[in-house]
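Below: one structure, written as structure tokens.
The values are calculated or read from the model by the stated rules, or taken from the named source; none is laboratory data. Owing to the predicted nature of the structure, the values given are computational and were not obtained by experimental measurement. When we count neighbours, we look across all protein chains shown, and the Cβ atoms used for this are built from the backbone with ideal geometry, even at glycine. For the accessible areas, the whole protein counts, side chains as well, though only heavy atoms, and no ligand, DNA or RNA atoms are used. Shrake-Rupley method; radii C 1.70, N 1.55, O 1.52, S 1.80 Å.
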Amino acid sequence: MYSAVQIDQAAAALLDLWQQRTRCDGLPEACRPSLRSEGYAVQQAICEQQSHALFGWKIAATSVEGQRHIAVNGPLAGRLYTDRVLRDGASVNLNNNLMRVAEIEFAFRFARTLPPIARPYEVSEVLDAVACVHPSIEVPDSRYNDFVKAGEAQLIADNACANMFVLGPRADDWQDFDYLNQPIEVSLNGVLVESGYGRNVLGDPRVALTWLVNELSALGISCEPGQVVTTGTCRIPVTVKPGDVVAADFGALGGVSCRFF
């Protein structure tokens, strides 16, 4: 039995690493989660132990390639906090960032509450609760030195590799956008690189959004008005270094960019 004491110990250890921007080889064996449910319990405890408000949620490993890379069997949900959210055009610090990648993502903002229910939500029900969409760039990181071998329970406990998040301007005319086939043009230092597509995000970012809502519902957690869910990278993460500028053009949904230092 994974006890409340173990949960709090793991949460305190990860929160300290988060605040100090450092990492470890893995949580101590005495409090290391081994099940997804245990990882989410640690994640919840981190939320309760720290002072920054919850901004929303992220999804990691929304492609088969991403799942293979970190050796997990499916997507992972993590929390985003207000102290790590930046505006479009922001400068992002890469100091002691292990991953050093930019992920181009669709982010959905809720207009109303989606409470836990006994059955899975349908995509249409989730979309009925969406207020707007934002183009976004996630800059993930891990509190583990070898995150590809940490396992899904430890990765979930670590907020699914959450770190910095750049939120682009809101798009209110989002319902008729072609999420599957519209290319998301991506540039690195002004040079176009491989485009992204929403179909690379669990087949459809709206499906990924619904997965997140149902994952939280099963845990007894509501999605609340104003919360933002970023649904996972729509192309292979862009490798970045200090001095680089990444920009993404989401067509009718607008664009987002950031500079790294």
Checked segment 150-201 for anything in a strand (DSSP E or B) and touching a residue at least 60 places away in the same chain (Cβ under 8 Å); matches are M164, F165, V166, L167, A171, I184, E185, V186, S187, G196
From the list G255, G251, exactly one residue is on the phi > 0 side of the Ramachandran plot, surrounded by fewer than 20 Cβ atoms within 10 Å (Cβ to Cβ) and at pLDDT 95 or above. Which is it? G251
Per the filter on segment 97-116, residues among the hydrophobic types (A, V, I, L, M, F, W, C) and surrounded by 13 or more Cβ atoms within 10 Å (Cβ to Cβ) are L98, M99, V101, A102, I104, F106, A107, F108, F110, L114
Subset of segment 52-96, residues open to solvent by less than 40 Å² (accessible area, probe 1.4 Å) and either among the aromatic types (F, W, Y) or more than 16 Å from the chain's Cα centre (by Cα) (or both), comes to F55, W57, Y81, A90, V92, L94
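If I ask for residues that are surrounded by 20 or more Cβ atoms within 10 Å (Cβ to Cβ) and among the hydroxyl-bearing types (S, T, Y), which ones from segment 39-51 would you list? I'd like the intermediate steps shown before the answer.
From segment 39-51, those surrounded by 20 or more Cβ atoms within 10 Å (Cβ to Cβ) are 39-43, 45-46; that's our starting set.
Within segment 39-51, Y40 is the sole residue that qualifies.
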Selection from segment 70-107 of residues that are more than 23 Å from G226 (Cβ to Cβ), out of contact with any Leu (no Cβ under 8 Å at 6 or more places or on another chain) and not aliphatic (A, V, I, L, M): N73, G74, S91, N93, N95, N96, N97
Can we say S136 is out of contact with any Lys or Arg (no Cβ under 7 Å at 6 or more places or on another chain), part of a helix (DSSP H, G or I), among the small types (G, A, S) and at pLDDT 95 or above? no
Positions within segment 216-248 being touching a Lys or Arg at 6+ places or on another chain (Cβ under 7 Å), buried (at least 21 other Cβ atoms within 10 Å of the Cβ) and either assigned to a strand (DSSP E or B) or on the phi > 0 side of the Ramachandran plot (or both), in sequence order: V228, T230
Residue list for segment 21-38, restricted to those being out of contact with any helix residue (DSSP H, G or I) (no Cβ under 9 Å at 6 or more places or on another chain) and either modelled with pLDDT under 95 or buried (at least 19 other Cβ atoms within 10 Å of the Cβ) (or both): R21
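If we keep just the residues of segment 124-155 that are among the aliphatic types (A, V, I, L, M) and under 11 Å from the mean Cα position of the chain (by Cα), which is surrounded by the most Cβ atoms within 10 Å (Cβ to Cβ)?
I137
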So, E65, is that one touching a residue at least 12 places away in the same chain (Cβ under 8 Å), in contact with a Lys or Arg (Cβ under 9 Å, 6 or more places away or on another chain) and charged (D, E, K, R) or not? no
Selection from segment 202-215 of residues in contact (Cβ under 8 Å) with a residue 24 or more places away in the chain and in a loop (DSSP other than H, G, I, E, B) yields L202, D204
